[in-house]
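Here's the structure, in structure tokens; my notes come after.
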Amino acid sequence: QVQLVESGGGLVQPGGSLRLSCAASGNIFSINVMGWYRQAPGMQRELVAQMLSGGGPTLADFVKGRFTISRDNAKNTVYLQMHSLKPEDTAVYYCNAKGVLSPAGYGMDYWGKGTLVTVSS
């Protein structure tokens, strides 16, 4: 069974930095896309960043220049480095994996439980 576990959330002051990590566990052959979404209270979940196994990151406009995404395919891990954090970045950040190939077959969409990022002074 494929599981995604996030870490690295917490409280940070405006202008600060955080690094989120997400590790996929289970008997995994490959993962096509790994990325991050976020959901603020009362808001819909939105894409923050995602990355193909072969590279090619996609970043939402509201984080360009501040966040970067990276992957370690050998470890089935994705990272989100966040700089210049703003109060409006406060949200639960969810790890997502699409196109996961395992002995059980090809799974389209997996989600972590989320990690809370709070940006406040």
Distance in nm between residue 83 and residue 121 label points, each 7 Å along Cα→Cβ, equals 2.2
Taking a probe of 1.4 Å and leaving out DNA, RNA and ligands, the chain shows per residue an accessible area in Å² of 52
To the nearest 20 debye, segment 35-121 has a Cα-centred charge dipole, built from +1 on Lys and Arg Cβ and -1 on Asp and Glu Cβ, of 100
A chain fully extended from residue 7 to residue 47 at 0.36 nm per residue, minus the present Cα-Cα distance, gains in nm 12.6 nm
Most packed first (mean Cβ within 10 Å per residue), the peptides 74-84, 52-62, 89-99, 12-22 order as 89-99, 74-84, 12-22, 52-62
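For segment 8-121, what's the relative contact order in percent, using C-alpha pairs closer than 8 Å and at least 6 residues apart? Walk me through the numbers before you get to the answer.
Details: 267 pairs, mean separation 41.6, N = 114.
Answer for segment 8-121 is 36 percent.
Taking the alpha carbon gyration tensor of segment 45-104, what are the square roots of 5 times its eigenvalues, largest first, to the nearest whole Å?
For segment 45-104, the semi-axes come out at 23, 13, 10 Å.
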For the chain, the accessible surface attributable to carbon and sulfur atoms (probe 1.4 angstrom, ligands and nucleic acids excluded) amounts in percent to 52
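The values are calculated or read from the model by the stated rules, or taken from the named source; none is laboratory data. Keep in mind the model is a prediction, meaning the values are calculated, not measured. In this analysis, Cβ positions are derived from the backbone assuming ideal geometry, glycine residues included, and neighbour counts consider all displayed protein chains. With ligands, DNA and RNA removed, areas are computed over all heavy atoms of the protein, side chains included. Shrake-Rupley method; radii C 1.70, N 1.55, O 1.52, S 1.80 Å.
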